Amino acid sequence: MTEHTKTDGLPGMDAPELPQVLERARPRNERMNVAKVECNACPVLCQISEGRAGACDRYANHAGVLVRLDPVVLLRKTLEAGEATLVPFVGRVAAGEAQEGVETEPVAAPSPWSGDLLLSEEVFVTGVGSSTTYPDYKPAPFIVGSQTDGVDMVTVVTEGIFSYCSFKVKIDTDRFLGSEQANVRCKGEVVGHVTTAEYGSQMLSLGGVHHLTGGTKKEGRVTAEMMQLLGNKQAVEFTIDGGAQLVIQAGRAPIVNGVAEQRMRVGCGSAAIGIFARQFYSHADEVVVVDDHITGVLTEHQAGRCLDMKPSGIQMRGRKSTPGRYFQVANPGTGWGGTDIADPLSIIEGWGEAVAWPGLRLLMTSTTGEHASWYVLDESLVPVEAAMPAEIRSIVDRIGENCEPSLASVLFLGGAGGSLRAGVTENPVLLTRSIKNALVNVTCGGAPAYVWPGGGITVMADVLRMPDNSFGTVPTPAIVAPIEFSMRRADYEALGGHTSQIRSLRDVLERGAWHNDGAPQARVWQTLPAANPWPLGRPPLLG
């Protein structure tokens, strides 16, 4: 097509006419039991008997109609006291009953929706419970038109089916959980691996397409179950090959080998030396902060030298990195400072007889202050444990005071591929470009989603900021997760969106999804979590 033919007004030249969208395919064969309904919400295509649910427990056969069992979660900035939170949809005309040009009454009785559109700018429809767009050629279940500060907005809402997805888990602990790349198991199946440690935390990668679909059926099933539980803020037990046994729950203290973690370290041994050096001055002649990564020694450290402290003559084990900073003083473990030692003196090789002196005061502490001992050198330059002075105890307590509470953080990481984007636009790449141009905000259950740089739409969201029970599974196996795209109406039109499917917020609140087949039957109100910004009228969190 040339530029001239685009502008000459000839009919039918810009794009081919698209066929009618069918809500469901015809039965696969004539032998199919007519009393059953074939669920078309995922590739499994369960045949569901009357009154029963499908394999995923999300869709069921109610009187011969396929319905989504969970209500759609709607967020509002505030809820009025005594307001009903669960409200059934009026429903749309049943498939096959509509006649062109004929107004048909709703199937169900009117809902108690008050019609108070003065609060419409405080309503956000999430993807939780909204149903899916499989087989990916249909418009999203909810394409909602609303206004924000006088601007016409559109929010495209759906539940995505994610095979390419995982959870990144941050565990605040010094303790050794397992070697990098070690397998992480759940119910005996490999469901992830240990990645590199971050400052004060151990990191895990759990789930992912290779565990969901690349291994055995059992591995895929256990991986999907684990991901659903973890994403829905439930506790899951893991074991790491050659490492620890863990219980992880988002927002809770991790449990390592049966012991709940309490503190995230204030910093490495070198950092702790620098932070508290002036407070140690004159109260101790030497301080060693034991750490698996960098063990600090005060008098050798730059902080001690700046304070003009007298060398103590201490001789440390391990590999000296720079003055006052030692690597590999011990093996990783669950003892002092994330090492495998229970006796801190085991990392001291000796004392320089020409430098050290009897009566030298030595503090040894871990990076969290959970372990600390006070020693005084005797006449033979042997450290003898003694009662810790009050001044030193208060500094050790301050180290503990400066530690953050130890938590497990769970972030969902998913790739919103071409199929999901077809529910937004007939030209999916335009959605990707619009997001990267900061025209479309992406949220997961109303929670802000960080969009990774590079190609595609790869998003990451904190499960704690998402509504409860946001995640489901399908037996393919894959994870089901909510996702919403919000933008100006003009931008939606420009990216080739399904503009004919835009419905007013009031219509959505009264009648639910645009389709009958597999549609949710009710909506439920929840308040927007205080930590989340209002999803509408915001640019995306671009990487």
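The values are calculated or read from the model by the stated rules, or taken from the named source; none is laboratory data. Everything numeric here is computed off the predicted structure, so don't read it as measured data. All Cβ positions, even for glycine, are placed from backbone atoms using ideal geometry, and neighbour counts span all protein chains on display. Heavy atoms of the whole protein, side chains included, go into the accessibility calculation; ligands, DNA and RNA do not. Shrake-Rupley method; radii C 1.70, N 1.55, O 1.52, S 1.80 Å.
Table for the structure above
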| quantity | calculated |
| --- | --- |
| Candidate aspartates and glutamates - alpha carbon under 14 Å from Lys310, same-chain residues fewer than 8 apart omitted | Asp285, Glu286, Glu300 |
| Hydrodynamic radius by Kirkwood, which averages 1/r over all alpha carbon pairs of region 405-538, in angstrom | 16.4 Å |
| Over 21 Å between alpha carbons, listed pairs Lys168/Lys233; Lys187/Lys218; Lys36/Lys217 | Lys36/Lys217 |
| Selection of GluC sites (Glu not before Pro), region 129-211, meeting DSSP coil and at most 15 other Cβ within 10 Å | Glu180 |
| Dipole of the chain, positive direction: furthest Cα of Val288, Ser409, Leu204, with charges on the beta-carbon | Leu204 |
| Listed values [x] 23.1, 75; [y] 24.1, 77; [z] 30.2, 104, entry calculated as Rg and Dmax of the Cα atoms in Å | [z] |
| Segment Arg305-Val209, length gained on full extension (0.36 nm per residue, minus Cα span) | 29.3 nm |
| Inter-probe distance in nm under a simple model that places probes 7 Å from Cα toward Cβ, at Asp507 and Asn232 | 3.3 nm |
| Mean separation of Cα contacts under 8 Å (6+ apart) over length of region 203-301, as relative contact order % | 14 percent |
| Virtual spin-label span in nm between Thr216 and Ala438, 7 Å along Cα→Cβ | 5.1 nm |
| The chain: relative contact order as a whole-number percent, Cα under 8 Å and 6+ apart | 22 percent |
| Gyration tensor (Cα) of region 363-425, equivalent ellipsoid semi-axes in angstrom | 54, 13, 6 |
| Leading residue at positive end of dipole, region 250-361 (Cβ point charges), from Ala250, Cys306, Ala260 | Ala250 |
| Difference of contour (0.36 nm per residue) and Cα-Cα distance, Glu198 to Ala55 | 47.6 nm |
| Difference of contour (0.36 nm per residue) and Cα-Cα distance, Ala490 to Thr239 | 85.2 nm |
| Globularity index of region 280-351, i.e. its alpha-carbon radius of gyration over 2.2 N^0.38 Å | 1.06 |
| Centre separation in Å (Cα based) which lies between region 360-437 and region 233-266 | 14 Å |
| FRET E, pair Gln147, Leu79, Förster distance 25 Å, beta-carbon r, rounded to 0.05 | 0.75 |
| Shape category assigned to region 451-492 from the gyration tensor of Cα positions, a/c cut at 1.5 | prolate |
| Sum of -39500 (n - 2.57) over DSSP H runs of 4+, divided by residues of the chain (222 nm, nearest 500) | -4000 deg cm²/dmol |
| Percent accessible area from carbon and sulfur atoms, the chain, protein chains only, probe 1.4 Å | 50 percent |
| Percent RCO, i.e. relative contact order, over region 288-396, from Cα pairs under 8 Å lying at least 6 residues apart | 24 percent |
| Surface accessible to a 1.4 Å probe, Thr322 within the full protein complex, Å² | 50 Å² |
